[in-house]
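First up is the structure itself, then whatever we jot down about it.
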Amino acid sequence: MSRTKRAAAVAAAVVALGATSCGTSNTGAGTGTGATAAPMSASPRPTGTGPLTKDVVRTDLDTAAADAGLPANAPEFADVNADAPAGSARACGIAFKGFGTKATPADTARFDKVVDELRERDWQQPGDRKEYKGTDGAVYEAHVVLKQRGWTMGAEYRNAGEDGVITLMAFDDTCMKKNGTGTSPSG
């Protein structure tokens, strides 16, 4: 199926579901077995200028990671906020965590690729990338903040052992503001 047809199918599904942002917790999980749904391609940009829905952001994270060649989302991170009470800070966030393997390392090249994929999905990077290097010159951590239509995302690479890990955490800005200044999205 072409990228355009897939995008149209996802758009129809989002419209049909009537997805909302802060109070819902659509994690993108499969049938309750802990497996995440297979990404389809770049999520559609709903018309208008209002905030994106949680479903669209979830699709952005999953498809950007898949298109960058990252390992699948770890099931415990795909469902991290599934049990969050509506209106809580935890209900405001969506997570992706790809642990590298020897066959598919989560390295700086894949981190750069996933950030590029997110930019292709209209995520804007308002600041510079922050890097932390070891004495050998290798990048051990990299951080980027991205924003789009009412959401803020932190993208992070960590050289955890030889295989690395890449984490994407997106938060609904209005939902977070509603929960008060200094509220942590983790609880």
Review point. When every alpha-carbon pair in the stretch 106-163 is counted, what percent end up more than 12 Å apart?
Key: 67
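Rounded to the nearest 0.05, what FRET efficiency is calculated for residue 49 and residue 101 with R0 set to 45 Å and r the Cβ-Cβ distance?
Numbers: r = 40 Å, r/R0 = 0.89.
Here the calculated transfer efficiency is 0.65.
So which of 113/147; 54/130; 113/177 end up more than 24 Å apart, counting from Cα to Cα?
Over 24 Å apart, Cα to Cα: 54/130; 113/177.
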Revision key, fill the gap. Counting only protein heavy atoms and leaving out ligands, DNA and RNA, the solvent-accessible surface of residue 133 at a 1.4 Å probe, in Å² to the nearest 10, equals 130
**Study point:** Largest-first principal axis extents of the Cα set of the stretch 38-157 (Å)
**Key:** 45, 29, 28
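The values are calculated or read from the model by the stated rules, or taken from the named source; none is laboratory data. Bear in mind the structure is a predicted one, so any value in this text is a computation, not a measurement. All Cβ positions, glycine included, derive from the backbone under ideal geometry; neighbour counts span all protein chains shown. Heavy atoms of the whole protein, side chains included, go into the accessibility calculation; ligands, DNA and RNA do not. Shrake-Rupley method; radii C 1.70, N 1.55, O 1.52, S 1.80 Å.
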